[in-house]
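Bear in mind that the values in this text are calculations on the coordinates, not laboratory data. These numbers were taken from a predicted model, which means no experiment stands behind them. Neighbour counts are summed over all protein chains in view; Cβ atoms, including those assigned to glycine, are modelled from backbone coordinates with ideal geometry.
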Amino acid sequence: MTALPITLPEAETQQRTTGAHWVVRTLEELGVHRIFGYPGGAIMPVYDALVGSKLEHILVRHEQAASFAADAQARLSGKAGVCLATSGPGATNLLTGIANAYMDSVPMVVLTGQVPTGLMGTDAFQEVDVFGMSLPVVKHSIIVREPEEIPARIREAFAIAESGRPGPVLVDLPKDTLQAEVGQPYPPQSLPAAKPSPASSSEIDAATALLACAKRPVFYMGGGIGLGGAVEAARDFMARTGIPAVSTLKAMGCAHPDAKNYLGMLGMHGTRAANMAVQDSDLLICCGARFDDRATGKPDSFAPDARIIHMDLDAAEIGKLRNVDAGIAGDLADALARLDPGYLDIDPWRQVCSQRKTEFAFRYDDAPGSGIFAPALLKQLSEAAGDDFIAACDVGQHQMWVAQHCRFSRPEHHLTSAGLGAMGYGLPAGIGAAMERPDAQVITVTGDGSIMMNIQELATARRYSVPVKILLLDNSSLGLVRQWQEYFFDQNFSEIDLYDNPDFAEVARSFGVEAFTIHSRAEVPAAIDRLLSATGPILAHCLIDPRENVWPLVPPGKSNADMMED
């Protein structure tokens with residue numbers, strides 16, 4: 001019997017154009033080249049439309065990793081990172097990464113699937129009100145209910161995420177909106193790029209007058225300098241004025257690492273020279289910082305004799321936590337270029353700060369024993385990597401050691417969860433960074449506590465042969481919590497012992513990732529060479545003394561002048 005040909009109705013023989021296809025087309029139009037995600041029921045139409053598109057999709061092994069990887073890519077590129085997940089648990093797993101981007105002002109567009117509009121509000125399978133849940137940690141949230149609205153709303157999301165003070169924007173996409181056929185031509189792009197406004201002349205004049213009469217000024221740099229494209233302007237201001245400068249955790253790399261008037265990070269684990277300069281200052285030029293509690297310590301004793309010039313792109317930050325004597329809202333690069341007091345009679349102050357920088361410089365040659373001294377290892381590693389060194393750092397003691405001892409040529413080369421302090425950031429961030437900058441030396445610096453939070457992403461690194469180098473500092477404990485319990489909780493050590501850690505090198509090799517373990521200081525030079533010469537993912541498991549602490553340390557509730565030393 002001869003088989004008869006199957007004839008389909010005309011409508012079914014043609015490619016349907018759905019809302020999901022317009023999601024993909026709009027991302028392509030906006031110049032997105034890579035997205036991080038994990039599929040599921042409600043977002044499945046987008047995954048169907050991805051096939052054959054120009055977008056590179058990176059399949060992570062947990063949705064939180066998708067948001068962290070997109071975050072790191074955004075910090076390096078300056079453009080919004082993109083992640084996507086399905087409804088319910090997929091969306092809720094993204095929330096930590098969304099909050100992280102919000103706290104650190106990182107541009108990100110988050111696409112989430114949602115149950116069909118007719119089921120919203122019925123407690124349907126995998127239904128969660130991620131729109132409502134995300135409101136405290138986004139710049140904006142959007143629910144798209146009609147397929148024809150998709151291009152405009154996604155364009156709007158990118159414009160909001162990248163303009164002004166950057167941040168994450170959530171776009172919630174009901175499944176029926178994605179599956180619906182669109183009945184009109186694809187609309188042309190119409191949103192103009194927003195540019196920051198210049199500061200007013202009166203604000204600049206008021207700040208210049210304060211600066212001209214200061215005897216002990218300090219330039220206090222925050223993460224807004226890097227976000228606002230003002231790094232070169234900040235370096236020029238430092239060189240032009242010779243004012244001693246300090247930075248927050250997020251501003252590491254804003255100053256040229258060899259600048260003589262740069263004193264290092266201030267705050268809880270800041271350098272003694274930086275904290276002393278701020279405490280003794282008579283004027284703080286705060287640029288792109290928000291007087292965060294980790295930087296200021298006890299607020300009413302922070303820089304007690306200083307008048308304040310506060311410069312920020314976000315006018316809402318000015319005067320929020322500290323009364324200011326002159327506020328400058330607007331483009332930071334423009335404001336720094338126009339803030340020119342001429343000659344400053346501050347040579348005695350410069351000399352004091354310079355002497356302190358020399359006197360209180362970190363020592364690397366007096367660590368007892370033959371074990372690995374983490375600060376020296378990190379210093380040597382960053383210097384060996386040079387200007388291509390990019391650290392994707394987790395949260396814990398190693399995070400503070402990286403900030404204290406590593407050399408950063410640019411602020412976007414220091415990737416860390418600064419405001420939220422999210423453990424598990426380092427490995428997925430390192431993957432996102434190494435994919436964005438495969439030419440650089442991207443090194444995830446993590447601890448034995450942090451890496452376990454997203455260790456499954458070793459599979460992602462292996463699948464895509466991502467050239468991320470992982471430096472795992474293993475002290476078999478939650479080190480920073482242990483240090484606080486040692487000094488502030490009467491040595492009542494509670495739930496910080498990680499004695500039963502796995503052999504991390506064996507774990508990495510089981511994922512197909514090259515790995516090795518070192519125990520002694522003598523092994524460090526060869527370990528650094530092996531890390532930096534690797535062409536694919538590699539993990540260096542470094543066993544360090546579990547009693548090692550981070551110094552200096554400002555105790556909780558104390559002034560930055562009350563620094564504890566070892």
Practice item. Report, in debye and to the nearest 20, how large the dipole of the range 17-179 comes out about its Cα centre when Lys and Arg carry +1 and Asp and Glu carry -1 on their Cβ. Key: 440
Check your understanding: What is the extension gain from Asn323 to Glu359, computed as 0.36 nm multiplied by their sequence separation minus the C-alpha to C-alpha distance, in nm to one decimal?
Key -> 9.7 nm
Check your understanding: Applying 1/(1 + (r/R0)^6) with R0 = 25 Å to the Cβ-Cβ distance of Met133 and Gln456, what FRET efficiency is obtained, to the nearest 0.05?
Key -> 0.55
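If you rank Cys254, Cys542 by fewest surrounding Cβ atoms within 10 Å, what's the result? Provide the component values of the computation, followed by the final result.
Numbers: Cys254 29, Cys542 23.
With the fewest neighbours first, Cys254, Cys542 line up as Cys542, Cys254.
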Revision key, fill the gap. With Cα coordinates, the longest principal axis of the chain makes an angle with the long axis of helix 19-29, in degrees rounded to 10, of 40
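Just need the relative contact order of the chain here, percent rounded to a whole number, with Cα pairs under 8 Å and 6+ apart.
Values: 1247 pairs, mean separation 73.6, N = 566.
Computed value for the chain: 13 percent relative contact order.
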**Study point:** Qualifying aspartates and glutamates (Cα of each under 15 Å from Cα of Lys250; at least 8 residues distant if same chain)
**Key:** Asp71, Asp104, Asp292, Asp293, Asp312, Asp394, Glu412
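Could you tell me whether the range 17-179 comes out rounded, prolate or oblate from its Cα gyration tensor? Rule is a ≥ b ≥ c as square roots of the eigenvalues, rounded for a/c under 1.5, then prolate if a/b exceeds b/c, otherwise oblate. Provide the component values of the computation, followed by the final result.
On the way: a/c = 1.41, a/b = 1.18, b/c = 1.19.
Since a/c stays below 1.5, the shape of the range 17-179 is classed as rounded.
To the nearest 500 deg cm²/dmol, what mean residue ellipticity at 222 nm is calculated for the chain from DSSP H runs of n ≥ 4 alone, each contributing -39,500 (n - 2.57), summed and divided by the residues? Intermediate results must be reported in sequence, preceding the final value.
Working: 22 runs with 200 residues, N = 566.
Helix-only estimate at 222 nm: -10000 deg cm²/dmol.
Could you line up Glu181, Glu148 from fewest to most neighbouring Cβ atoms inside 10 Å? Working shown, then result.
On the way: Glu181 11, Glu148 16.
Lowest count first: Glu181, Glu148.
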Point to revise | Across Lys139/Lys469; Lys298/Lys357; Lys79/Lys469; Lys54/Lys175, pairs whose alpha-carbon gap is larger than 31 Å | key: Lys139/Lys469
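Placing +1 at every Lys and Arg Cβ and -1 at every Asp and Glu Cβ, with all other atoms neutral, what dipole size does the chain have around its Cα centre, in debye to the nearest 20?
On the way: 45 positive and 68 negative charges, 164 e Å.
Dipole magnitude for the chain comes out near 780 debye.
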Check your understanding: Taking neighbour counts of Cβ atoms within 10 Å as a proxy for exposure, in what order, fewest first, do Ser520, Ser247 appear?
Key -> Ser520, Ser247
Practice item. Please give the helix 479-488 orientation as an angle from the longest Cα principal axis of the chain, in degrees from 0 to 90, rounded to the nearest 10. Key: 40
**Study point:** Asp123 paired with Glu506, simple spin-label distance in nm, labels 7 Å along Cα-to-beta-carbon
**Key:** 4.6
**Study point:** For the range 374-543: Kirkwood Rh in Å [reciprocal of mean 1/r, alpha carbons]
**Key:** 15.9
**Study point:** Charge dipole magnitude, Cβ of K and R +1, D and E -1 - the range 201-359, Cα centre, debye nearest 20
**Key:** 520
Practice item. Using label points projected 7 Å from each Cα along Cα→Cβ, tell me how many nm separate Lys54 and Glu181, to one decimal. Key: 2.7
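Classify the range 229-350 as rounded, prolate or oblate from the Cα gyration tensor: take a ≥ b ≥ c as the square roots of its eigenvalues, call it rounded if a/c is under 1.5, otherwise prolate when a/b beats b/c and oblate if not.
Numbers: a/c = 1.29, a/b = 1.06, b/c = 1.23.
It comes out rounded by the Cα gyration axes.
I need the shape label for the range 444-566. Rule: rounded when a/c is under 1.5, else prolate if a/b > b/c, else oblate, with a, b, c from the alpha carbon gyration tensor. Write out the running numbers ahead of the final one.
Numbers: a/c = 2.31, a/b = 1.94, b/c = 1.19.
Cα axes put the range 444-566 in the prolate bin.
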Practice item. Work out the charge dipole of the chain with +1 on the Cβ of Lys and Arg and -1 on the Cβ of Asp and Glu about the Cα centre, then indicate which of Pro217, Met423, Met564 is farthest towards its positive end. Key: Pro217
Exercise for review: Set Lys and Arg Cβ to +1 and Asp and Glu Cβ to -1, take the dipole of the chain about its Cα centre, and tell me which of Val46, Gly330, Ser510 lies farthest positive.
Suggested key: Gly330
Practice item. Measure nothing but the geometry: give the 0 to 90° angle between the long axis through the Cα atoms of 426-436 and the longest principal axis through the Cα atoms of the chain, rounded to 10°. Key: 70
